[in-house]
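Have a look at the structure below before the remarks.
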Amino acid sequence: SGGLFDVEVVGNVVAVRDGSGLIERCPECGRVIDGGQCRSHGAVEGEDDLRIKAIVDDGTGTVTAILDDELTAAVYGGGLEQAREHARDAMDRSVVADDIRETIVGRAFRVRGSLTVDEYGANLTASTFEERDANPAARAKTLLEEVAA
């Protein structure tokens, strides 16, 4: 396993992985917990958090972009309180991840951050996550101007 700092990937979000949206973390170690169980600390009272694990395809391969609570809130359009409220109203925590999926899947983004590669593949811990211009003609023109300069 290894890693690189300050990597930029531009590609389409093809999926949002499970464990995205409104999640619960162990108050001891910060790991995501499942069903009130932490792998290291057993039964714990989880703390709510926001996260996105988006699979980004740049045409040569895929990377899992991991967005922290701030970047997730920007994508979701609301912070932790809004996410809790939405989940409470729907009586289902998965509505937050569903909304995020509808917002980003199939769209192009520029992701920048630190890349790590392990037995599960490449993970990009995002420091920026910005939607690309939806106008490919304008983007092509800009690229051609940059090459000509």
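The values are calculated or read from the model by the stated rules, or taken from the named source; none is laboratory data. Being a predicted model, the structure only gives us computed values, none of them experimental. Cβ coordinates were reconstructed from backbone atoms using ideal geometry, including for glycine residues, and neighbour counts include every protein chain displayed.
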Whether any residue in the stretch 65-83 is touching a Lys or Arg at 6+ places or on another chain (Cβ under 9 Å) and farther than 29 Å from Gly3 by Cα is what I want to check. yes
Suppose we filter Ala108, Ala65 for residues that are surrounded by 14 or more Cβ atoms within 10 Å (Cβ to Cβ), within 20 Å of Val32 (Cβ to Cβ) and not acidic (Asp, Glu); which single one remains? Ala65
Residue among Val13, Val32 that alone is under 22 Å from Gln82 (Cβ atoms), over 13 Å from the mean Cα position of the chain (by Cα) and of a type in the set (Val, Ile, Thr): Val32
Mind listing whichever residues of the stretch 1-17 are modelled with pLDDT of 95 or more and assigned to a loop (DSSP other than H, G, I, E, B)? Arg17
Tell me which residues, restricted to the stretch 111-149, are surrounded by 14 or more Cβ atoms within 10 Å (Cβ to Cβ) and among the hydroxyl-bearing types (Ser, Thr, Tyr). Ser114, Thr116, Thr125, Ser127
Filtered residues of the stretch 1-48 (kept if touching a strand residue (DSSP E or B) at 6+ places or on another chain (Cβ under 7 Å), surrounded by fewer than 17 Cβ atoms within 10 Å (Cβ to Cβ) and closer than 15 Å to Val96 by Cβ): Arg17, Gly19, Val32, Asp48
